[in-house]
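Worksheet: one structure, shown below.
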Amino acid sequence: RCPRPQDALEITGTFKQCKSNLVKEGFDPGVVRDRLFFRDDARRSYVPLTPDTFAAICDARLSL
């Protein structure tokens, strides 16, 4: 898994990175405000993750 680039990290009082919000958001383009990409092996490049592509991944019609 590749982390999402962020301007600043959310940290706890003991300077640990807060990842719980990122885990809750997952990679659903309907929830995440950031632009998401996935590696399309057929195109040999990264392409934007669309809601249709996300649905295909969830339905196991497309594997990562």
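Details
- Chain lengthening between Leu62 and Tyr46 when straightened (0.36 nm per residue, less Cα-Cα): 4.3 nm
- Loop-resident sites, segment 12-64, for chymotrypsin sites (Phe, Trp or Tyr not before Pro), counting at most 13 other Cβ within 10 Å (DSSP): Phe15
- Over the chain, relative contact order from alpha-carbon pairs under 8 Å, at least 6 apart, %: 18
- When the solvent-accessible area of the chain is split by element, carbon and sulfur atoms take up 52 percent of it, the probe being 1.4 Å.
- Trypsin sites (Lys or Arg not before Pro) restricted to DSSP loop in the chain with at most 10 other C-beta within 10 Å: Arg1, Lys16, Arg33, Arg35, Arg43, Arg44, Arg61
- On a per residue basis, the chain carries 90 Å² of accessible surface, using protein heavy atoms and a 1.4 Å probe.
- Cα pair count fraction exceeding 17 Å, expressed as % - the chain: 49
- Contour minus Cα-Cα distance for Gln6 and Arg33 (0.36 nm per residue): 8.5 nm
The values are calculated or read from the model by the stated rules, or taken from the named source; none is laboratory data. The model shown is predicted, which means the values in this text are computed figures rather than measured ones. Please note: Cβ atoms are built from the backbone with ideal geometry, for glycine as well, and neighbour counts cover all protein chains shown. Just so you know, the surface numbers come from the protein's heavy atoms only, side chains and all, with ligands and any DNA or RNA stripped out. Shrake-Rupley method; radii C 1.70, N 1.55, O 1.52, S 1.80 Å.
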